[in-house]
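Here is the structure we will look at, set down as C-alpha cells.
Every number in this text was worked out from the coordinates using simple rules, so none of it is lab data. Note that the coordinates shown come from a computational prediction; the quantities given were computed from them, not determined experimentally. When we count neighbours, we look across all protein chains shown, and the Cβ atoms used for this are built from the backbone with ideal geometry, even at glycine.
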Amino acid sequence: MVMLPWENQTTIVEFVLRGFSSNRQLNIFLFITFFAFYVLIISGNILVVLLVLFSQHLHTPMYFFLVNLSFLEICYTSNIVPKMLLIIIAEQKTISVAGCLAQFYFFGSLAATECLLLAVMSYDRYLAICQPLRYPILMTGPLCVRLAPSSWLCCFLLTAITMVLLSTLPFCGPNEIDHFFCDFTPLVHLSCVDTSLTETIAFATSSAVTLVPFLLIAASYSCILVAILRIPSGTGRRKAFSTCSSHLTVVTVFYGTLIATYLVPSANSSRLLRKGFSLLYTILTPMFNPIIYSLRNRDIHEALKMCLSKKPAFLLS
C-alpha cells in the first residue's frame, strides 16, 4: 500500500489566528476602537430595521431590500468581530478547524449575498427611474419576496461547494493564520496537498457571485444615467439622482474595498496592508451603510421623528 507524503504527519485540529499585534497597550486601544465600531454597526442596522418595520410609509420595495441588507450586515460582522475582539484582548487566538471552516463559510456566503442584494437594489432603482409608470406593476411584493430569499439561498449554496472541497483538505502544519479571521487564501495555503482544483472552483464561484452582480449594477446605472440626462429640468435631474445616490455610494465603497483587498499582492510585506483593507469591508463598510442610507434620506428622517415624537405608553396613562 502506497502512503501519501502527508499521511505520516500529524493532522492539526486547531488553527492559531495571529491577529494584529502582541503589544498589550496597542491591543487595548484596538479592542476599545473595534468594540465601539461593533456597537455602532449593530445599533445602527437594528435601528434601520425597526424604523422600516414600524413605519407604514417605508413598506416599499427599496426599504424591504434595505432591511435585508441591514440584517445581513449584523450577521456579517457578528461572524467575525466577536472572535477578533477575543483575540485582541484575551489572546484567545486558537480556533478549531471546524470553527474556522464555519467562519469562512458564513463570511463567504454573506459577502456574496451582499453582492447579489446590491444588484437587486440597483435593478429596483433602474425600474423606479427608467420606468416610473410601470414600476408598481413590475416591482411587486411577491417579486420582492422571491428576489431577496433567492439571493441568500443562491449564495449559501454556491459557497457550500467551496466549503465542501475545503473541508476535505488535510492540514498538517504549520497551523498559524496571519489574519484576524479565517479567509480562504491564508486557509488554503496551510493544506499539505495540491489545492489547485479547490482554488480554481473557488475562483469560479466567487467570480460568479461578484463579477456578474457588478456587471448588472453597471448596466443598471448606465441606463439610469442616460435617463437622468434626458430629464429637461435641473431640479428633476437632482431629484432623480438623489433616489439612487445612497445606493451608488454603498456599491462604490463595498466593491472598492473588496477589489483593493484581493488585488493586494500576497507577499509578506503586504500582509499588514491586506489586514487593513480587510477591516474596511468587515467593519467600516457595515458601519457606514446605515449612515449613508439615512444621512440624506427624507423618508428615514421622517420615520425617526415620528418614533421619537411618540410618547411611551406609561406616560400616557
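Listed values, structure above:
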quantity: Whether region 9-64 is rounded, prolate or oblate, judged on the alpha carbon gyration tensor where a/c under 1.5 counts as rounded; calculated: oblate
quantity: Fraction in percent of alpha-carbon pairs per bin - 10 Å, region 54-132; calculated: 16, 34, 25, 16, 8, 1
quantity: Near-label residues of region 106-146 by backbone N, under 11 Å of a point 7 Å along Cα→Cβ of Arg230; calculated: 130-132
quantity: Kirkwood hydrodynamic radius (C-alpha pairs) into Stokes-Einstein, region 28-184, 4 °C and 1.567 mPa s, D in µm²/s; calculated: 73 µm²/s
quantity: Hull volume in cubic angstrom per residue (convex hull over the Cα atoms of region 18-102); calculated: 97 Å³
quantity: Exposed trypsin sites (Lys or Arg not before Pro) absent: longest stretch of the chain, with sites in DSSP loops and at most 11 other Cβ within 10 Å deemed exposed; calculated: 1-133
quantity: All-pairs Cα distance distribution in region 131-228, expressed in whole percent, bin size 10 Å; calculated: 12, 30, 26, 16, 11, 4, 0
quantity: Angle in degrees between helix 298-309 and the longest Cα principal axis of the chain, rounded to the nearest 10; calculated: 90 degrees
quantity: Efficiency of FRET between Lys305 and Leu273 - r from beta-carbon atoms, R0 30 angstrom, step 0.05; calculated: 0.10
quantity: Average silhouette area of the chain, convex hull of alpha-carbon atoms, in square nanometres; calculated: 21.6 nm²
quantity: C-alpha long axis of helix 196-229 to longest principal axis of the chain, angle in °; calculated: 20 degrees
quantity: Loop chymotrypsin sites (Phe, Trp or Tyr not before Pro), region 6-102, which have at most 16 other Cβ atoms in a 10 Å radius of their Cβ (DSSP); calculated: Trp6
quantity: Angle in degrees between helix 285-295 and the longest Cα principal axis of the chain, rounded to the nearest 10; calculated: 10 degrees
quantity: Net lengthening on full extension, Asp178/Arg146 (0.36 nm per residue, minus Cα-Cα); calculated: 7.5 nm
quantity: Taking only Cα atoms of region 174-230, radius of gyration then Dmax in Å; calculated: 18.6, 60
quantity: Rg ratio (alpha-carbon, reference 2.2 N^0.38 Å) - region 108-160; calculated: 1.26
